[in-house]
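Reviewing the structure listed below.
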């Protein structure tokens, strides 16, 4: 069986086991988050090359050439020597410019990078604080329209980074950023193509950026945004979205509430159910899905069955570092007690 060498220690990998799982099983503490190849937090480097192509999916060419790879996706085909990713190659410094509440459990954080960051609206960055804790957040800003980088952070029970952002983050403080990452973004071309954007929670952040980017670029097709929450407080940014609809006649916004007895002015039901119920034929449409993973995965399948080409469906599920599993476990224990 192949072995994994890390920090002058050699560990034998189990069959079909990733480098990340081998290290974790043996008591090492490498950086990681989603364990699905989505967040890029688990990036490592091999000085010797030879990693499977799948383990470098989504990395820019310079990183691939230098031997960087995603340890959660790397099932070694032979003995491999790995080292921690070098900060200078993947991180840069940014300064916190402001922080404000958008909703009781959502705050807007504005960062200024030390050097200009070239990204597409809708991509995400990894934010790392001074103690090394790192999490992924989508950009709500648009590179040609906004000077700073904007993020919408939702407070999560037990969330180390989100609670730090609410309780301890200070204006003027430095954080490290890595990216941009992700393929859920708008590209010019086919300006007449209709766009369907569906999001839940802070999945609104990248969708707002994508909509603004497309409209500013002169996109002439319909741009329909559906945002879902259980309670009205979760549908933040409504006023600015209504203003956007006043400015661009081809843009529409629908706030969807899945809780009981939604007030007037809101659609009743989950955002994906409302959106796909109102837009049944998606042939030649472009679809963007962001937010809760079960919703994103289900909506992706439904959009394809409704006629959207798989190449035109762009998805960004917000995978969380085991928080949902921990919360469900706690709820089960509470119900038994």
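The table below lists the values:
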read-out	value
Nearest 10 degrees, 0 to 90: helix 323-336 Cα axis against the chain principal axis	80
Highest average packing first - 51-63, 154-166, Cβ atoms within 10 Å	154-166, 51-63
Kirkwood Rh in Å, taken over the range 195-317 so that all alpha-carbon pairs contribute	14.2
Simple spin-label estimate for residue 190 and residue 133 in nanometres, 7 Å along Cα-Cβ	4.2
Using a Förster distance of 41 Å, the FRET efficiency for residue 145-residue 36 (Cβ separation, nearest 0.05)	0.85
Order by protection proxy (mean Cβ within 10 Å, highest first), peptides 201-211, 280-290, 236-246	201-211, 280-290, 236-246
Antiparallel bridge percentage (DSSP; both residues within the range 1-97; nearest 5)	75
Relative contact order for the chain, counting Cα pairs under 8 Å that sit 6 or more residues apart, in percent	13
Sequence-separation-based contact order of the range 1-76, relative, with Cα cut under 8 Å and 6+ spacing, percent	31
Cα radius of gyration and Dmax for the chain (Å)	20.8, 63
Rel. contact order, % - alpha carbon contacts under 8 angstrom, at least six apart, the range 45-118	26
FRET E, pair residue 95, residue 168, Förster distance 25 Å, beta-carbon r, rounded to 0.05	0.95
The chain: angle of helix 204-216 to the longest principal axis, Cα-based, in degrees nearest 10	60
Taking 17, 311, 77 and counting other C-beta atoms within 10 Å, the order from fewest to most	311, 77, 17
Pairwise label distance in nanometres, residue 252 with residue 222, each label 7 Å out on the Cα-Cβ vector	0.5
Sorted by Cβ neighbour density within 10 Å, fewest at the top, the residues 138, 258, 130	130, 258, 138
Debye log10 I(q)/I(0) for the range 3-85, one point scatterer per Cα, at q = 0.23, 0.24, 0.27 Å⁻¹	-1.10, -1.20, -1.56
Angle in degrees between helix 293-305 and the longest Cα principal axis of the chain, rounded to the nearest 10	60
Descending semi-axes in whole angstrom, ellipsoid equivalent of the range 89-181, from the Cα gyration tensor	19, 15, 12
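We did not get these values from a lab; they are worked out from the coordinates using the rules stated. Note that the structure is a prediction, hence the values are computed from the model and not measured. So basically every Cβ, Gly included, is an ideal-geometry build from the backbone, and we count neighbours across all protein chains shown.
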